Each structure stands twice: as structure tokens, then as C-alpha cells.
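Report on the following structure.
The values are calculated or read from the model by the stated rules, or taken from the named source; none is laboratory data. Everything numeric here is computed off the predicted structure, so don't read it as measured data. Neighbour counts run over all protein chains shown; Cβ positions are idealised from the backbone, glycine included.
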Amino acid sequence: MAQTAAVTITLQKVLGVDGLLAGAKRPYALGFIAGRRFGRSKPIPAGAKDLDLTAEAIPWKLEVAANGAIPVAVEIWDDQGDAGSKRLGAVTGSLSSPYPTRVHELGGGPLLRCDVFTREVPPAPGAAPVPRVAEGEKTRATLRVPNTVVVSITEILGLYAPVSPGAPGVKRAEARPGYTSQDHLGRVYVNSDLAGAWAKDKQLVQLTAKVKVQRGKLPADAKIRWTVVEPDDPTNDDPGFHAAWGAYVDKKDYDAAGKHQGSRAGDNEGKPAKSPPWEAVSGFALASAAATEAKTTIVGDESKVVFHCPDTAGDNFIVRADIDSATQVEGFGAETGIMTMWHRIRVESIRMKSAFALPMDGVPVPFEPCCVQLDCEPEREVADQPHMAPKDEDLETECVAYVDKVFTNKAKPGWFCVISAMEPHPLPSKKGDKVFEGDAELKTGGAGANLSEYFEVPGTFPDANFAELTSGSDTVGFNLFSVQTETTKAGPITRCWIVEHDAQPEFTAGDGSIAHAYKVQFNYSPRHRKKGGAVTPGGYGMAAKVKVKVFNPGAFYTAGISPTVTAKGKEYFAGRTIMFTHHQAYRDATTGQPKPNYRERILGTIVHELVHAFGMPHKCGYFDFRAPRDKTCCMNYRPNWMVDEKRNLIPATSGKTGMDVCGRHLKEVRRVHLEDNKGLAWK
């Protein structure tokens, strides 16, 4: 349907908002014009009767290329912290042709006041009346037809529309003729050429603008003026995003104290591969170029330009096309919707014949908030290997060799792999056999970075490798890094040295190396916290005397692994994941079939391992990014407690691991540059 008018709509005020705010804690507003969301707003002041939207840092304003009714709305929400945001009400309405230029009030109570400015696209000229000349006289009439030009953006190469729910073998997004991201969901891939193929340090789109002369003529000097605009990152404004992560994901929306101050633009962190970021398309000369604007010649009825996009996932932009001429011309421009930068990874899926199928259809979903598109190939079957390694100590080495053997796309850039295997290594006939239960006293040995805690139990248990410690109402499991047996006057004893729980709450995006991922580490034992050589009381806050259960091997063992790659003497995560689907966490020992919770449980582990592929550490110690707050980040281990802002442990937070990442992992995965990972070696 042809454009009939350019309608500029500005949301100005919500009248009578006080009727929605009774009992609200932190109320705010979201605005919507023609499907595009604005806000969240500044906090609505206590006692406010009306909400002034003109005070927002980014005007809630949009020019719409109208060809039908235009929906507008403002929603009022209350941020209730861990309980999530509650929708208090909304004002909705629509503007219909001829979209009269004036202030409109929509709704009933409250009222939404919006300013509308309309420029109608004039009809093509037809016959024009001229004065009749009297018989025998000579005269003439001059018709001056105004120059009116309508610009439309008709094609964007390198832009992809989301289309798939994530079934294996189906792309999550695809190129679509005429798609210009008017749904504001368009994706542009980092490290990708215009055809979607991997291209290191290249991310770009090619835009085509069509020019229609509605009346008059196109001035000889006319060009297309391209302008790029950077909108706000909308991630933290979603009602389902926990406010605790807002300032980390979108710092400019918050003051120094972390209080939300309304949406603000200028969030992009990436850089284009070219400066200025414009490039001529053959046949369409680049008349001028600057950081945010370029002009290109018009040939026939069209013009084209290449825009080099920022190179960080999550960055976003809008491109506008207008007519530019020194000659007077009435122009109707066009603009894209919001386009966002994404990582795109193809995933090779491999399954041993007797291993369980992995739910790869669900794997891409938790990555989408990180602006990561995983396109999972249909699974390929390979021969069984009941055990990946003869013993636990050999597991990493054997996994590396196995992946090298079966990963057919390992030499191609842009590929990860996920393997469904059986068991990691042989287990005792009695998995995790409990060998002791009773009272024990916690003791310490060493000092500083070498300080460790241990306990002693009567009896000789040389194979013990796991213990559960109970203090008060809290029970926490620990691996044992060493056991020592000796005979005392009272009889034989086993001294059990406790492996501390590590946490990496201060990680950042890096080069994919293990060294960078685990550069800053906190360690927690039953009664102490360590950071480097600094030891402070705390840890799990246990008393000196505890109840213990001691187990032989098999109580806790590897369910999934991300084998590393060594490059120039350093270990790197390299997009390689193996899931052991016959692990006791997933397989019913009696039936030999997947447990009822297999899908949910293993999905979280697959996501955990694939987040490693972006160079991310595990055990961040955080809750996930969602509100209401219910689950912890999938990168945590189930037995571990989470950490607070002072890096102290939070009681009763174990066993809550979900499928989503925390806000820090979300942001840092976006920031990762996989092309710099020497283990991947993507050229």
C-alpha cells in the first residue's frame, strides 16, 4: 500500500495517571508508536496526577510513513524488585486518516495527549484549469508544478528477519525481500559479508533507496542523504528484565547511585571497520561522507550505499534516507526500523548411536538475549564409545582427541559443535557409595593463598572424594582434593582436605583464554573466603563442629565438558561441547531411559557449556537476568551459593540453577570478539 502521509507523532502527557498509582513502589511508563517501544521513562514521582513525557531525554517521537491506522499506547508499570514488574494499566488508541495536525487526546481515563503533525503526500497532477481567452485575443498561462519526491527504502542486503522457533536445521533468521526491520527485530551479523558468509572484521549492510517523483521533476543536483541514528539499547527497559542488572547492561540510563533516569541513546561500544563508515556501491557515487551522514548520487530512480556497522553484538542503529537538493523540493523521506548487531554461529550436532538425542531445538533460545543466533544443524550419528576416557584424569585429553576426530567443520570459521556421548569414564559398581556419616571438627592447615580446611573421620577410606557438610540447617557438598589415612592411638583415621568453591563474579569479555576467564577468582571454604592471598572469615559460615557424610567416587562427576584448544602455549575455549547423556543426572538407572526432567536439566547444561565457547567462566555467583527473580545463572554449579555485591555468600541459594544467564554474562557475551580467539583461529 502506497504511503499517503508522513505523520509525526509525539507522546506528550498522560493525564489522570494518579488513579493507577495507589500502592506503587517504583512506577514507570513505556510508550508505543506504530509498534516501536519508547522508554522506560524516568520514575513517576510520588503523588503525580499527570505524567509529563516531554521531560524524557529521548523524545517519544516518531515519523510514520502512514498508509492506515496508527496505533499508539502508554503502559504504566510498577517495578517491584525481585517480584518483577506489575502492569498497572494502559492508555491505548489509534490515529486514522487524514491524521489531522493538532493535539489529540486518546483513551478515557487516563487520557493520552499526543501532538500530531501531518504532511499529506499530494496526488499526481492531472488536468489544471487555465483562464479562457476571449475570441481574437492572445494570452498565456504558466503552470508551475511543485517538485515533490517520495523516497522509500526497498532493500537492505545483510539484514535478516527472525523467522524460526529454533528447530534444528532451520536458520533462526533469514534474508527477506523488502524487509527493513519495521518490527525493530532485524539482525546484522558481526564478522559477516553481505551474503551472510563469515568475513573476519567485516559487518555491513547495503541499502537501496527508490525515488518516486510525485509531481514536478527531480532536480538535476538531487542526491540521497543517508543519516544513521543510534537509539537506546532496549534490553534493560523490558518489564521482564531485573532492575538489579539494568545499570550493568545500559549504564547511561542510570545515575551514579544506580537510579534509573530514563532511556538514553549513545550506548554503542563497537567500531566500524571503515571511517567514515560509508562506502560507494558501483554506479552510485559517494558525494560526501561523515561519521553519521553520507550523500550518494541518484541513477534512474534509485540510489545505493554501503554502511559499515559497529562490530559489537547488541549495538543498534537506524538509517534514514532523504532527498537532498539546492533546488526547492518537497521531500518525503524514509527510515528503517531498529537494526541490531548479532553473533551468528552454526552448530554441528553429533550423537553416538546409543546416546540420547539432545534437545537442540531449545538450545538457541537462552542465547537470544545475548544477541547470539545459534543455527543448529540436524544431528549426525556416529559409532558408540561407551566411555570417553579410561579414568577421570584422562578425560580432558581424550575429549580433545575425540572432538578433533568427529568435528567435520572444525577448520571452518563460524562453527561450534555439540556432541551427545554416553559416559565420561568408568564408575565404581556402587556409584558414590557412602562410607561414613557422623560428627567431625573443621580444622585449617597452611596460610594465605595456601590455607585449606580439612576434617578427620574414624576409619580408613583411601578412595573418598566427596563430602556433604551440615551446619545448622545448611548442607553443602564439597569435593576432596586429598585424603590421608593414618593410625592413631584411638585407631585409624582419614583426613579429608576440602576443595573450595570458586567463583568468578568480576569476569569480563576477553580473548577466549582460560587465563583471562579465571583471572579474578574468589574461593569459599566452610569458614573462610579467599581472594588471592587475602583470607577473611566467612565462607559458608559453618561452625567448627559439623555433621559430615563422606562418599567414594561417583557421587559427583562430569556431566558435560568444553574441551579446550592450546595455541602458543595458552589454553582457549573453542566452541566444542560434549554432553554425557548416560550420566546419572539424566539417565534412569532402572529403565536405562532419560529421566522425566531430562530435557530441562540437560538444556541448562548445554547452554552452560556453550557459554564457555565465548570465553566465559563458570560459577559467576549471580542470579539470572529475569524478573521475577527465581533462578540463578546457568553458569553456576548447583551445590554452590550465590554471592552478594560485597562478594559474600548468600545462604539458601543453591540448587536454583536455570537455563538463562545473568546480566553480566549477557553483556560480556555481547562484547566478545570471537575473531580474536586464537584457539578458534577463525581467519
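Some points to look at:
- Enumerated strands (runs of 3 or more DSSP E) restricted to the stretch 513-555, each holding at least 3 residues that are in the same structural domain as residue 474 (by TED's automatic domain parsing) and either of a type in the set (Val, Ile, Thr) or farther than 15 Å from residue 502 by Cβ (or both): 534-537, 545-551
- Wholly enclosed strands (runs of 3 or more DSSP E) of the stretch 14-96 bearing at least 3 residues of a type in the set (A, V, I, L, M, F, W, C) and more than 27 Å from residue 624 (Cβ to Cβ): 61-66, 70-79, 85-95
- Qualifying residue in the stretch 390-408 (condition: in the same structural domain as residue 610 (by TED's automatic domain parsing) and touching a helix residue (DSSP H, G or I) at 6+ places or on another chain (Cβ under 7 Å)): no
- The residue that is farthest from residue 375 (Cα to Cα), counting only those in the stretch 165-194 that are of a type in the set (Gly, Ala, Ser) and either crowded, with 16+ Cβ neighbours inside 10 Å or at pLDDT below 95 (or both), is 181.
- Residue in the stretch 316-333 that is of a type outside the set (Gly, Ala, Ser), assigned by TED's automatic domain parsing to the domain that holds residue 159, surrounded by 20 or more Cβ atoms within 10 Å (Cβ to Cβ) and within 30 Å of residue 415 (Cβ to Cβ) present: yes
- Those residues of the stretch 230-249 which are in contact with a Ser or Thr (Cβ under 8 Å, 6 or more places away or on another chain) and among the aliphatic types (A, V, I, L, M), in sequence order: 249
- Boolean, residue 512 is touching a Gly at 6+ places or on another chain (Cβ under 9 Å) and at pLDDT 95 or above: yes
- Qualifying residue in the stretch 52-59 (condition: crowded, with 19+ Cβ neighbours inside 10 Å, touching a residue at least 40 places away in the same chain (Cβ under 8 Å) and over 30 Å from residue 123 (Cα atoms)): yes
- Here 535, 499, 550, 520 are screened, and the one residue that is buried (at least 21 other Cβ atoms within 10 Å of the Cβ) and either without any contact (Cβ under 8 Å) to a residue 60 or more places away in the chain or among the β-branched types (Val, Ile, Thr) (or both) is 550.
- Checking residue 85 against (1) more than 32 Å from the chain's Cα centre (by Cα); (2) at pLDDT 95 or above; (3) among the polar types (S, T, N, Q), the condition it does not meet: (1)
- Taking the stretch 274-383 as the region of interest, the strands (runs of 3 or more DSSP E) fully inside it that hold 1 or more residues being over 30 Å from residue 66 (Cα atoms) are 278-280, 286-289, 339-352, 372-376, 380-382.
- If you go through the stretch 625-644 and pick out every residue that is part of a loop (DSSP other than H, G, I, E, B) and touching a Pro at 6+ places or on another chain (Cβ under 9 Å), you end up with 5.
- Restricting attention to the stretch 446-486, the residues that are part of a strand (DSSP E or B) and either more than 44 Å from the chain's Cα centre (by Cα) or touching a residue at least 12 places away in the same chain (Cβ under 8 Å) (or both) total 25.
- Candidate set: the stretch 603-632, residues that are out of contact with any Ser or Thr (no Cβ under 8 Å at 6 or more places or on another chain) and β-branched (Val, Ile, Thr); chosen: the one surrounded by the fewest Cβ atoms within 10 Å (Cβ to Cβ): 605
Yes or no, residue by residue, for (1) touching an Asp or Glu at 6+ places or on another chain (Cβ under 9 Å); (2) exposed (fewer than 14 other Cβ atoms within 10 Å of the Cβ); (3) not assigned by TED's automatic domain parsing to the domain that holds residue 542:
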{"residue": "440", "(1), (2), (3)": "yes, no, no"}
{"residue": "448", "(1), (2), (3)": "no, yes, no"}
{"residue": "453", "(1), (2), (3)": "yes, no, no"}
{"residue": "456", "(1), (2), (3)": "yes, no, no"}
{"residue": "461", "(1), (2), (3)": "no, no, no"}
{"residue": "466", "(1), (2), (3)": "no, no, no"}
{"residue": "469", "(1), (2), (3)": "no, no, no"}
{"residue": "472", "(1), (2), (3)": "no, yes, no"}
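- Criterion (hydroxyl-bearing (Ser, Thr, Tyr) and within 24 Å of residue 321 (Cα to Cα)) met by exactly one of 227, 235: 227
- Residues satisfying the stated conditions in the stretch 215-270, i.e. farther than 19 Å from residue 508 by Cβ, surrounded by 17 or more Cβ atoms within 10 Å (Cβ to Cβ) and of a type in the set (A, V, I, L, M, F, W, C): 218, 222, 224, 226, 228, 241, 243
- All positions within the stretch 319-357 that are closer than 30 Å to residue 298 by Cα, over 33 Å from the mean Cα position of the chain (by Cα) and among the charged types (D, E, K, R): 324, 330
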